[in-house]
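The values are calculated or read from the model by the stated rules, or taken from the named source; none is laboratory data. Predicted, not measured: the structure shown is a model, and the values here were computed from it. Ideal geometry is used to build each Cβ from the backbone, glycine not excepted, and the neighbour counts take in all protein chains shown.
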């Protein structure tokens with residue numbers, strides 16, 4: 001697994017109103033495998049949009065960490 005840096009930038013923030021205005025398909029189709037979008041509602045982060053590949057990598061890393069801490 002390659003090492004990745006994650007930083008929240010202005011480009012990664014998506015107002016929920018954009019999703020409500022029918023822009024969800026474009027936001028998702030433009031998503032890179034490494035990218036994470038943070039959905040904002042009332043200036044608060046409420047959700048994240050990420051690729052299935054990235055989600056699987058995160059879940060695998062979590063499982064490895066859990067198995068290491070269990071013994």
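Just to be sure, is residue 23 surrounded by 10 or more Cβ atoms within 10 Å (Cβ to Cβ), modelled with pLDDT of 90 or more, over 15 Å from the mean Cα position of the chain (by Cα) and on the phi < 0 side of the Ramachandran plot?
So residue 23 fits the description; yes.
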Considering only residues that are over 15 Å from the mean Cα position of the chain (by Cα) and surrounded by fewer than 10 Cβ atoms within 10 Å (Cβ to Cβ), look in region 45-71 and name the one that is nearest to residue 10 (Cα to Cα). 66
